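So the structure is just underneath, and the comments pick up after that.
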Amino acid sequence: MHNMTDMTIQHKLGLFAGIVLSSGAVCWLLSLPERPSEVLPRLGFVSALACATGVLVCCWSACVAYICRKRNLKPRACYLAGISILAVLTPIGYFAAAGPNGLVIYWMGPLVVITGCLCRKLACPELSDEEAAAPPPPLSLFPK
C-alpha cells in the first residue's frame with residue numbers, strides 16, 4: 001500500500017476483519033478460567049496474547065491513520081489513536097477478565113504509546129519524530 005488515502009474495499013474489509021478477529025482473540029485469552037502455572041505454558045500464553053494484541057494495534061493504527069490522512073489532520077492528532085484504542089480494550093479487558101485484573105491494566109499502558117506512534121508513522125511517514133512532535137507555530141497578526 002503506497003498511499004494511505006486510496007485504500008481499496010479489500011484493504012478496508014481486511015482491517016475490519018483484523019480488528020474483529022484479534023479483539024475476539026484477546027477477549028478469549030483473557031477470559032480463560034485457569035491460567036497456566038508452569039513456565040513454558042505461561043510463556044506461550046503471554047506470546048499468544050502479545051500476538052493478538054499486536055494484530056489489534058496494527059489494524060487499529062492503520063484505520064486511524066487512514067482517517068487522519070483522509071481528513072488532513074495534523075500529525076500530532078495521530079497520537080490520539082493510542083487513547084482511542086482504550087475504548088476497544090477497556091470493555092474487553094474488564095468483562096473478559098471478570099473485573100480489574102493486573103495483567104490487563106499493565107498490558108494496556110504500553111499499547112497506548114505504541115498505537116499512537118505507529119499511527120503517526122503510517123499517516124505521515126515523511127516526517128521525523130521531532131518534526132511531528134514540534135509545537136505549532138506561534139500565532140501571527142499578519143498571516144502570510
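Just to be sure I understand, how many residues within the range 67-91 are β-branched (Val, Ile, Thr) and part of a loop (DSSP other than H, G, I, E, B)?
Number satisfying all stated conditions: 1.
Does Ser23 meet the test of being surrounded by 12 or more Cβ atoms within 10 Å (Cβ to Cβ), hydroxyl-bearing (Ser, Thr, Tyr) and at pLDDT below 90?
For Ser23, the condition - surrounded by 12 or more Cβ atoms within 10 Å (Cβ to Cβ), hydroxyl-bearing (Ser, Thr, Tyr) and at pLDDT below 90 - is met.
Specify the residue that is farthest from Leu43 (Cα to Cα); the eligible residues are those in the range 113-137 that are of a type outside the set (D, E, K, R) and at pLDDT below 85.
It comes out as Pro137.
Name the one entry in Val64, Val55, Val26, Val46 that is of a type in the set (Val, Ile, Thr), in a helix (DSSP H, G or I) and out of contact with any helix residue (DSSP H, G or I) (no Cβ under 8 Å at 6 or more places or on another chain).
Exactly one residue qualifies, and that residue is Val46.
Six or more apart or on different chains, Cβ atoms under 6 Å: show the pairs whose first residue is in the range 111-137 and without any contact (Cβ under 8 Å) to a residue 60 or more places away in the chain and in a loop (DSSP other than H, G, I, E, B) and whose second is surrounded by 16 or more Cβ atoms within 10 Å (Cβ to Cβ) and not acidic (Asp, Glu).
Cys124/Pro75; Leu127/Pro75
Can you tell me which residue is modelled with the lowest pLDDT among those in the range 1-20 that are surrounded by 14 or more Cβ atoms within 10 Å (Cβ to Cβ) and touching a Cys at 6+ places or on another chain (Cβ under 9 Å)?
Met4
Does the range 97-109 contain any residue that is in contact with a helix residue (DSSP H, G or I) (Cβ under 6 Å, 6 or more places away or on another chain), at pLDDT below 85, β-branched (Val, Ile, Thr) and at negative phi?
Checked the range 97-109: at least one residue is in contact with a helix residue (DSSP H, G or I) (Cβ under 6 Å, 6 or more places away or on another chain), at pLDDT below 85, β-branched (Val, Ile, Thr) and at negative phi.
Quick check on this structure: which one of Gly18, Gly24 is without any contact (Cβ under 8 Å) to a residue 24 or more places away in the chain and out of contact with any Phe, Trp or Tyr (no Cβ under 7 Å at 6 or more places or on another chain)?
Being without any contact (Cβ under 8 Å) to a residue 24 or more places away in the chain and out of contact with any Phe, Trp or Tyr (no Cβ under 7 Å at 6 or more places or on another chain) holds for just one of Gly18, Gly24, which is Gly24.
Quick one: in the range 28-53, of everything that is touching a residue at least 12 places away in the same chain (Cβ under 8 Å) and in contact with a Leu (Cβ under 9 Å, 6 or more places away or on another chain), which residue is farthest from Ile85 (Cα to Cα)?
Phe45
Six or more apart or on different chains, Cβ under 8 Å: which pairs go from a residue in the range 76-92 that's at pLDDT 80 or above to one that's surrounded by 16 or more Cβ atoms within 10 Å (Cβ to Cβ) and not in a helix (DSSP H, G or I)? Could you list them?
Note: pairs meeting the criteria are Cys78/Cys124.
The values are calculated or read from the model by the stated rules, or taken from the named source; none is laboratory data. Owing to the predicted nature of the structure, the values given are computational and were not obtained by experimental measurement. Backbone-built Cβ (ideal geometry, glycine too); neighbour counts: all protein chains shown.
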